[in-house]
Amino acid sequence: YILNAWKESATAGFDMVGYSGDGVDGRSVSHSLGVIPELMIIKRRTNTDPWPVYSKDMAADEYVLLDQDVGKATTKSYYSGTRPTSSVFTVGDNNGTNGTSNNYFAYLFSSVEGYSKIGDYAGNGNADGTFVYTGFRPAFVMIKRTNEAASWGIYDNKRAGYNADNDFLHPDLPQAESDGSAGTIDLLSNGFKCRDTSGWRNESNDDYIYIAFAERPFKYSNAR
(Lines give C-alpha, C1' and ligand atoms only; values in the text may rest on other atoms or scores of the structure.)
Protein backbone atom coordinates (compact mmCIF):
# COMPACT_ATOMS: atom_id res chain seq x y z
CA TYR A 1 0.00 0.00 0.00
CA ILE A 2 1.02 3.60 -0.54
CA LEU A 3 -0.46 6.61 1.27
CA ASN A 4 -0.19 10.19 -0.03
CA ALA A 5 -1.30 12.92 2.38
CA TRP A 6 -1.45 16.72 2.13
CA LYS A 7 -2.04 19.28 4.84
CA GLU A 8 -4.80 21.76 4.04
CA SER A 9 -3.02 25.10 4.23
CA ALA A 10 -2.68 28.21 2.08
CA THR A 11 1.02 28.21 2.95
CA ALA A 12 1.30 24.71 1.51
CA GLY A 13 -0.70 25.65 -1.58
CA PHE A 14 -3.57 23.25 -0.92
CA ASP A 15 -7.22 23.84 -0.07
CA MET A 16 -10.22 21.53 0.22
CA VAL A 17 -13.74 22.88 -0.29
CA GLY A 18 -17.03 21.11 0.36
CA TYR A 19 -20.15 22.53 -1.27
CA SER A 20 -23.67 21.68 -2.43
CA GLY A 21 -24.61 22.06 -6.08
CA ASP A 22 -27.42 24.28 -7.38
CA GLY A 23 -27.44 23.27 -11.07
CA VAL A 24 -26.82 26.85 -12.25
CA ASP A 25 -24.07 27.50 -14.79
CA GLY A 26 -21.60 30.15 -13.61
CA ARG A 27 -22.00 29.42 -9.92
CA SER A 28 -19.04 30.79 -7.87
CA VAL A 29 -17.63 28.82 -4.94
CA SER A 30 -15.35 30.50 -2.40
CA HIS A 31 -11.98 29.03 -1.47
CA SER A 32 -9.21 29.89 1.01
CA LEU A 33 -6.11 29.27 -1.09
CA GLY A 34 -5.28 32.98 -1.19
CA VAL A 35 -3.84 32.72 -4.71
CA ILE A 36 -5.20 31.54 -8.06
CA PRO A 37 -5.51 27.73 -8.16
CA GLU A 38 -3.36 26.12 -10.84
CA LEU A 39 -4.89 22.64 -10.61
CA MET A 40 -8.38 21.69 -9.43
CA ILE A 41 -10.04 18.29 -8.98
CA ILE A 42 -13.72 17.94 -8.14
CA LYS A 43 -15.64 14.81 -7.11
CA ARG A 44 -19.35 14.35 -6.70
CA ARG A 45 -19.72 12.51 -3.40
CA THR A 46 -23.12 10.91 -3.93
CA ASN A 47 -22.69 9.23 -7.33
CA THR A 48 -20.20 7.58 -9.68
CA ASP A 49 -19.47 10.62 -11.85
CA PRO A 50 -15.89 11.08 -13.15
CA TRP A 51 -13.29 13.30 -11.48
CA PRO A 52 -12.95 16.37 -13.78
CA VAL A 53 -9.57 18.09 -13.58
CA TYR A 54 -8.86 21.73 -14.42
CA SER A 55 -5.31 22.85 -15.22
CA LYS A 56 -3.90 26.31 -15.78
CA ASP A 57 -2.00 24.86 -18.72
CA MET A 58 -5.16 23.99 -20.66
CA ALA A 59 -7.85 26.29 -22.03
CA ALA A 60 -10.48 27.47 -19.55
CA ASP A 61 -13.13 25.21 -21.10
CA GLU A 62 -10.88 22.13 -21.34
CA TYR A 63 -10.59 19.30 -18.83
CA VAL A 64 -9.16 15.82 -18.29
CA LEU A 65 -10.53 13.08 -16.05
CA LEU A 66 -8.50 11.70 -13.14
CA ASP A 67 -10.20 8.30 -13.28
CA GLN A 68 -9.99 7.79 -17.07
CA ASP A 69 -7.23 7.62 -19.69
CA VAL A 70 -8.92 9.97 -22.16
CA GLY A 71 -7.24 13.06 -23.56
CA LYS A 72 -8.47 16.56 -22.88
CA ALA A 73 -11.95 17.49 -24.02
CA THR A 74 -13.87 20.74 -24.28
CA THR A 75 -17.04 21.70 -22.46
CA LYS A 76 -18.20 24.65 -20.38
CA SER A 77 -20.42 22.42 -18.28
CA TYR A 78 -17.74 21.40 -15.75
CA TYR A 79 -15.93 24.68 -14.97
CA SER A 80 -18.17 27.09 -16.91
CA GLY A 81 -15.26 28.01 -19.19
CA THR A 82 -14.05 30.40 -16.48
CA ARG A 83 -10.61 30.70 -14.91
CA PRO A 84 -10.54 30.62 -11.09
CA THR A 85 -9.49 33.68 -9.09
CA SER A 86 -7.64 34.06 -5.80
CA SER A 87 -10.96 33.87 -3.93
CA VAL A 88 -13.44 31.79 -6.01
CA PHE A 89 -13.67 29.07 -8.62
CA THR A 90 -16.58 28.70 -11.02
CA VAL A 91 -18.56 25.61 -11.93
CA GLY A 92 -21.04 24.91 -14.73
CA ASP A 93 -24.26 22.93 -14.69
CA ASN A 94 -22.79 19.43 -15.14
CA ASN A 95 -23.75 16.87 -12.51
CA GLY A 96 -20.03 16.14 -12.13
CA THR A 97 -19.40 19.56 -10.56
CA ASN A 98 -22.73 21.26 -9.85
CA GLY A 99 -25.83 19.08 -9.92
CA THR A 100 -28.81 20.35 -7.99
CA SER A 101 -28.75 19.25 -4.32
CA ASN A 102 -25.65 17.11 -4.84
CA ASN A 103 -22.62 17.30 -2.54
CA TYR A 104 -19.05 17.82 -3.77
CA PHE A 105 -15.44 18.04 -2.66
CA ALA A 106 -13.01 20.25 -4.54
CA TYR A 107 -9.23 19.91 -4.17
CA LEU A 108 -7.29 23.04 -5.13
CA PHE A 109 -3.52 23.26 -5.63
CA SER A 110 -1.06 26.06 -6.36
CA SER A 111 2.71 26.02 -6.75
CA VAL A 112 4.82 26.97 -3.72
CA GLU A 113 8.49 27.71 -4.35
CA GLY A 114 10.70 25.01 -2.89
CA TYR A 115 7.74 22.76 -2.05
CA SER A 116 5.46 22.11 -5.03
CA LYS A 117 5.32 22.76 -8.75
CA ILE A 118 2.44 22.56 -11.24
CA GLY A 119 3.17 22.94 -14.91
CA ASP A 120 3.44 21.40 -18.35
CA TYR A 121 6.09 20.13 -20.73
CA ALA A 122 6.45 18.81 -24.28
CA GLY A 123 7.71 15.30 -24.93
CA ASN A 124 10.70 14.78 -27.23
CA GLY A 125 10.29 11.06 -28.02
CA ASN A 126 13.90 10.39 -27.03
CA ALA A 127 15.43 8.12 -24.39
CA ASP A 128 17.47 11.18 -23.40
CA GLY A 129 14.13 12.72 -22.60
CA THR A 130 12.69 16.01 -21.56
CA PHE A 131 14.03 17.52 -18.34
CA VAL A 132 11.43 19.29 -16.19
CA TYR A 133 12.77 21.84 -13.72
CA THR A 134 10.94 22.04 -10.38
CA GLY A 135 13.55 23.73 -8.19
CA PHE A 136 13.61 20.82 -5.71
CA ARG A 137 14.12 17.06 -5.57
CA PRO A 138 10.66 15.54 -6.06
CA ALA A 139 9.21 12.98 -3.66
CA PHE A 140 6.00 12.71 -5.71
CA VAL A 141 5.29 13.34 -9.40
CA MET A 142 2.00 12.85 -11.24
CA ILE A 143 1.91 13.15 -15.04
CA LYS A 144 -0.89 13.23 -17.63
CA ARG A 145 -0.69 13.45 -21.42
CA THR A 146 -3.42 15.87 -22.49
CA ASN A 147 -3.51 16.04 -26.28
CA GLU A 148 -4.21 12.32 -26.69
CA ALA A 149 -5.59 9.45 -24.62
CA ALA A 150 -3.13 8.01 -22.10
CA SER A 151 -3.12 6.88 -18.50
CA TRP A 152 -2.02 9.08 -15.63
CA GLY A 153 1.25 8.09 -13.98
CA ILE A 154 2.35 8.54 -10.36
CA TYR A 155 5.97 8.26 -9.20
CA ASP A 156 7.34 8.64 -5.70
CA ASN A 157 10.60 8.09 -3.82
CA LYS A 158 9.32 5.10 -1.83
CA ARG A 159 8.69 2.43 -4.54
CA ALA A 160 11.58 1.50 -5.26
CA GLY A 161 12.59 5.12 -5.07
CA TYR A 162 15.93 5.21 -6.84
CA ASN A 163 17.13 5.89 -10.39
CA ALA A 164 16.67 4.18 -12.75
CA ASP A 165 14.13 1.97 -11.01
CA ASN A 166 11.25 4.24 -10.05
CA ASP A 167 8.08 2.14 -10.11
CA PHE A 168 4.81 3.83 -11.00
CA LEU A 169 1.07 3.61 -10.47
CA HIS A 170 -1.83 4.51 -12.78
CA PRO A 171 -4.61 6.19 -10.72
CA ASP A 172 -7.12 5.61 -13.54
CA LEU A 173 -6.48 1.84 -13.59
CA PRO A 174 -7.06 -0.91 -10.96
CA GLN A 175 -3.84 -2.78 -11.78
CA ALA A 176 -0.83 -3.26 -9.53
CA GLU A 177 2.15 -0.94 -9.76
CA SER A 178 4.32 -1.19 -12.86
CA ASP A 179 8.03 -1.93 -12.87
CA GLY A 180 10.16 1.10 -13.71
CA SER A 181 13.46 -0.82 -13.88
CA ALA A 182 13.76 -0.29 -17.63
CA GLY A 183 14.20 3.41 -16.92
CA THR A 184 11.13 5.62 -17.10
CA ILE A 185 11.89 8.86 -15.24
CA ASP A 186 14.76 9.94 -13.03
CA LEU A 187 14.04 11.92 -9.85
CA LEU A 188 16.80 14.52 -9.73
CA SER A 189 18.03 17.18 -7.31
CA ASN A 190 16.12 19.95 -9.11
CA GLY A 191 13.40 18.21 -11.12
CA PHE A 192 12.73 15.06 -13.09
CA LYS A 193 13.84 13.71 -16.46
CA CYS A 194 12.09 11.29 -18.80
CA ARG A 195 14.20 8.27 -19.75
CA ASP A 196 12.13 6.51 -22.42
CA THR A 197 9.70 7.21 -25.25
CA SER A 198 6.46 6.01 -23.67
CA GLY A 199 3.33 7.74 -24.94
CA TRP A 200 2.03 8.64 -21.51
CA ARG A 201 5.20 10.49 -20.47
CA ASN A 202 7.50 11.37 -23.40
CA GLU A 203 6.00 11.01 -26.87
CA SER A 204 7.46 13.40 -29.42
CA ASN A 205 5.57 16.72 -29.60
CA ASP A 206 2.89 15.56 -27.16
CA ASP A 207 1.67 17.80 -24.33
CA TYR A 208 1.82 16.83 -20.65
CA ILE A 209 0.72 18.37 -17.39
CA TYR A 210 2.24 17.47 -14.03
CA ILE A 211 2.20 18.18 -10.31
CA ALA A 212 5.25 17.53 -8.14
CA PHE A 213 6.02 17.79 -4.42
CA ALA A 214 9.39 18.10 -2.73
CA GLU A 215 11.26 15.45 -0.78
CA ARG A 216 12.66 18.08 1.59
CA PRO A 217 10.44 21.16 1.44
CA PHE A 218 12.08 24.56 1.61
CA LYS A 219 15.56 22.99 1.70
CA TYR A 220 18.26 22.68 -0.90
CA SER A 221 18.22 19.10 -2.18
CA ASN A 222 21.30 16.94 -2.47
CA ALA A 223 22.20 15.69 -5.93
CA ARG A 224 21.13 12.13 -6.63
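The values are calculated or read from the model by the stated rules, or taken from the named source; none is laboratory data. The shown structure was predicted, so the numbers you read here are calculated from the model rather than taken from an experiment. Every residue, glycine as well, gets a Cβ built from its backbone with ideal geometry; the counts of neighbours run over all protein chains shown. Note: areas computed on protein heavy atoms with side chains; ligands, DNA, RNA excluded. Shrake-Rupley method; radii C 1.70, N 1.55, O 1.52, S 1.80 Å.
When the inverse distances between all different Cα atoms of region 97-160 are averaged and flipped, the Kirkwood radius reads 14.9 angstrom. Cross-link check: pairs Lys76/Lys117; Lys72/Lys117; Lys117/Lys193; Lys7/Lys117; Lys56/Lys117 evaluated at a Cα-Cα cut-off of 19 Å; pairs beyond the cut-off: Lys76/Lys117; Lys72/Lys117. The listed residues Val35, Val112, once ranked by accessible area (1.4 Å probe) with the largest placed first, stand as Val35, Val112. The loop-placed trypsin sites (Lys or Arg not before Pro) in region 61-121, going by DSSP, include none that has at most 14 neighbouring Cβ atoms within 10 Å of its Cβ.
Only Lys, Arg, Asp and Glu count, each charged at its Cβ (+1, +1, -1, -1), so figure out the dipole size of the chain about its Cα centre, rounded to 20 debye.
Taking the Cα centre of the chain as origin, the dipole is about 640 debye.
Put a plus charge on the Cβ of each Lys and Arg, a minus charge on the Cβ of each Asp and Glu, and nothing anywhere else: the dipole of region 76-138 about its Cα centre is then about 100 debye. Solvent exposure of Thr74, expressed as accessible area, is near 90 Å², computed with a probe of 1.4 Å over the protein chains only. Placing one equal scatterer on every Cα of region 28-148 and applying the Debye formula, the log10 ratio I(q)/I(0) at q = 0.15, 0.22, 0.23 Å⁻¹ is -0.73, -1.36, -1.44. In sequence order, region 80-86 has phi-based couplings of 6, x, 10, 5, x, 10, 6 Hz under the Karplus curve 6.51 cos²θ - 1.76 cosθ + 1.60, θ = phi - 60°, and Gly or Pro positions carry x.
Across region 23-37, coupling constants 3J(HN,Hα) worked out from phi with the 6.51/-1.76/1.60 Karplus curve, θ = phi - 60°, read x, 9, 4, x, 5, 8, 10, 6, 9, 10, 5, x, 9, 6, x Hz, and Gly and Pro carry x. Calculated mean residue ellipticity at 222 nm for the chain: -500 deg cm²/dmol, from DSSP H runs with n ≥ 4 weighted as -39500 (n - 2.57), summed, divided by the residue count and rounded to 500.
Only protein heavy atoms count here; under a 1.4 Å probe, Phe140 has an accessible surface of about 20 Å².
Between the entries (1) 11.2; (2) 23.2; (3) 13.4, the label attached to mean projected area of the Cα convex hull in nm² calculated for this structure is (1). Note on exposure: Leu39, Leu3 ranked by accessible area (1.4 Å probe, complete protein assembly) read Leu3, Leu39, with the most exposed listed first. Computed from the alpha carbon atoms alone, the convex hull of region 7-56 holds 105 Å³ per residue.
In order along region 169-175, the phi-based Karplus estimate (6.51 cos²θ - 1.76 cosθ + 1.60, θ = phi - 60°) of 3J(HN,Hα) comes to 10, 10, x, 8, 10, x, 6 Hz; Gly and Pro are listed as x. Positive-end ranking of Ser20, Gln175, Ser77 along the dipole of the chain, with charges on Cβ about the Cα centre, is headed by Ser20.
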